[in-house]
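Asker: Quick one: the structure is below, questions incoming.
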Amino acid sequence: MVEVLSVTSNSARIKWPSEKETNNITITNQSLGQKSNIKFKGGISDITGLSVGPQKIDFIGLNKLGSQIWTFKNIEIVCLDSSNCLPVINDLTKDSCSLQWSKVDFASSYYVDIRKKDQSIENWQKVGIFTELTCQISRLESGTHYLVRVRAQTNNNTNKLVFIEEKGNVIPLTPLSIVSNLSVSQIFSTSVELNWDFDGNKKESQFKVQFRPFGSVIDWNLLPHSIVDKPPYLVYGLKNNEQYEFRVCNGIKEKVMSLTSSANSEDISVSEFGEDWVKVKWNSKDNSAKYVLETRSSWPPSKRKEWTLVTETSEKTAKISSLRVHEATTIRVTPKTQKSGAASPLFLEVLIGLFGSKESSIFESVGATVHTKTKTALSLANLSENSATLVWEKVPNAVVYKVTKKDGVESLAAPVSQTEFKALSLEPLQTYQFIVESSKAQRGPYAPVGSIEVTPIAPPQNLQVSQTSIKGSLRLDWQCPELSSNPKLSEENIWFRVEKKIGEKGSFEIITEGKGILSVEVFHLKPNTNYVFRVCCKAKGEYESEGANINVSTDKDLSISIGMAVTTKTTTTT
């Protein structure tokens, strides 16, 4: 029986009947009206000149005298071509991914298998046979390089033989862990510096960085991205005083390699190659029990040495490792036999080229995210009842800055050389406008840096703490600062922000904020923990920086002990 082992778009690999007298085979393609003859070499060989889709073929085996020995007619072969249907990897994580591909003409199902990249071609492991155009691959090892193969297959209409593609489409796959400790290390008015940690080879790692307005529902996959080799990374093109969300996805560089080879015979060739290895296969008319494999450097001439023994093998294939990139190596395969008239050695010269790397098409799909707010070009570093400290970004090549204070009555200009200015003797609840300009010369001209309005205000008064009936909670109460200097303001116009931190060295986090609130309940306290609570207020613009502070400690039973309420000059960045 003629057995079809695999197909391509224009050929089929056939296993012939084991008839020793067969010398030639006549092939008649009824569908294409073509007839050809091939020399019978026994075992398995390829027939070419086919076309995509089903076709009826007659096979006739002839002996040396031209007489028919065997005949198989109307054998249906279905050729398949998936060259334009490359698989795509989606939802990549540290141990799984989903695979998707396009429909192949005449295919009824798809055979998916996988192997580690450094393993030989015989190590393909079956994932499954799928009738849909997608599948899930799981139980992968994070950071391991794999190759995934998708081959189309179909049945004929008569005897249900399966025709499967010989090569199919092979793509690389490396499951990756999410980057860790993604943080904002520096914040500017139009840029933000990101930093993160990651596992894996630093030379191979690659990262995709994206950003969008905070709270946006735009799909990350629809947004542009930047490719980064390592942290930290400065994200440009942001707007000042805006909130953004940033995402970093872990990826890996895909090396671009090529192989050049030449042989003294069509009986020896390279079946696979990697960054520093090749796998060689050969045919030999000499049925030797063993073959001797040797190598030597052939280019450049200065590297040429004597032949080096690699291995002796009874197989007709071998893997040769530790090759040097961009250095040609000659491989010699010699049959090891005592018979006279032994076959001549086979020679193969190989050269592996590595041409850098290109942007990886595969990144893990989850990513780590962080959000922050950019600074204004001019911002308020500290605000109290009678003073305000302004800071701004350094302007390139500027040698002097001019700060102008306007309050509707007076205008005062003061030149400064630093990027900070402290305004003193301000009146509480009076709104001031500050304008900062820069100049590249001591006497101008000046260019604007930014402007800001500030309204000094005293901190809240009489901050108190009381324990509630709910275990692990407390109540904060306070009073509005004195507003008599501005009759237009009332308690309902004043904003309050409540914050907490753990220990003296911790960072404050916002619990709540709102207009006119004078109390708040705090829940989910931890046992045996020291807290600092702070309440700040504002009439307009920014919050005052001093705030009313109080220390609270919990014991193992979540009972609280209260420290003294104080006003401290602690800066909060918002």
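The values are calculated or read from the model by the stated rules, or taken from the named source; none is laboratory data. Quantities reported herein were computed from a predicted structural model and do not represent experimental measurements. Quick note on the areas: whole protein, heavy atoms, side chains included, nothing else; ligands and nucleic acids left out. Shrake-Rupley method; radii C 1.70, N 1.55, O 1.52, S 1.80 Å.
Asker: Based on the Cα coordinates of segment 220-272, what is the per residue volume of their convex hull in Å³? Before the final figure, lay out the partial values.
Answerer: Values: hull volume 8.3 nm³, N = 53.
Enclosed volume per residue, from the Cα hull, is 157 Å³.
Asker: Treating segment 419-574 as a set of equal point scatterers at the Cα positions, no solvent, please give the Debye-formula log₁₀ I(q)/I(0) at q = 0.10, 0.17 Å⁻¹.
Answerer: -0.45, -0.98
Asker: How many angstrom lie between the C-alpha centres of segment 484-530 and segment 18-39?
Answerer: With segment 484-530 and segment 18-39 each reduced to a Cα centre, they are spaced 90 Å.
Asker: List the residues whose amide H sits under 5 Å from the amide H of T468, counting only those 5 or more places along or on another chain, with H placed 1.01 Å from N in the peptide plane.
Answerer: HN-HN under 5 Å from T468: S473, L474, R475.
Asker: Same structure, new question: Per the Debye formula with a single identical scatterer at each Cα and no solvent contribution, what log10 I(q)/I(0) holds for the chain at q = 0.13 Å⁻¹?
Answerer: -1.38
Asker: Debye sum, Cα scatterers, segment 436-519, no solvent: what log₁₀ I/I(0) at q = 0.26 1/Å?
Answerer: -1.35
Asker: Under the Karplus relation 6.51 cos²θ - 1.76 cosθ + 1.60, θ = phi - 60°, what is the ordered set of whole-Hz ³J(HN,Hα) values for segment 524-530, x standing for Gly and Pro?
Answerer: 6, 6, 9, x, 6, 10, 9
Asker: Can I ask one more? Take the Cα pairs of segment 6-95, get the Kirkwood Rh, then feed it into Stokes-Einstein at 37 °C and 0.692 mPa s and tell me D in µm²/s. Each step should come with its number before you reach the end.
Answerer: Details: Rh = 14.9 Å.
Stokes-Einstein gives a translational diffusion coefficient of 221 µm²/s.
Asker: Let me ask something additional. Can you tell me the equivalent ellipsoid semi-axes for segment 34-139? Use √(5λ) from the Cα gyration tensor, largest first, whole Å. If you can, show how the numbers build up before the last one.
Answerer: Values: eigenvalues 305, 63, 23 Å².
They are 39, 18, 11 Å, listed largest first.
Asker: Same structure again: Excluding residues fewer than 8 places away in the same chain, name every one of the aspartates and glutamates whose C-alpha is closer than 20 Å to that of K373.
Answerer: Those aspartates and glutamates meeting the cut-off are E193, E242, E245, E393, E453, E499, E509, E513, E542, E544.
Asker: So, one more: Given 4 °C and 1.567 mPa s, how large is the Stokes-Einstein diffusion coefficient of segment 140-230 in µm²/s, with Rh as the Kirkwood radius over Cα pairs? Working shown, then result.
Answerer: Values: Rh = 17.7 Å.
Approximately 73 µm²/s, per Stokes-Einstein.
Asker: Hey, can you grab everything whose amide H is under 5 Å from the amide H of A328? Only 5+ residues off in sequence or another chain; H modelled, so Pro and N-termini drop out.
Answerer: Result for A328 returns S298, W299.
Asker: Now for a separate question. Report D for segment 368-505 in µm² per second (integer): Stokes-Einstein, Kirkwood Rh on Cα pairs, 25 °C, 0.890 mPa s. Present the calculation step by step, with values, prior to reporting the outcome.
Answerer: Details: Rh = 18.1 Å.
Using the Kirkwood radius from Cα pairs, D works out to 136 µm²/s.
Asker: Please compute the per residue accessible area over the chain with all protein chains in place, 1.4 Å probe, rounded to a whole number of Å².
Answerer: Numbers: 31470 Å² over 574 residues.
With all protein chains present, the chain gives 55 Å² per residue.
Asker: What is the Cα coordinate range of segment 91-181 on the first, second and third principal axes, sorted by size from largest, in whole angstrom?
Answerer: 60, 27, 17
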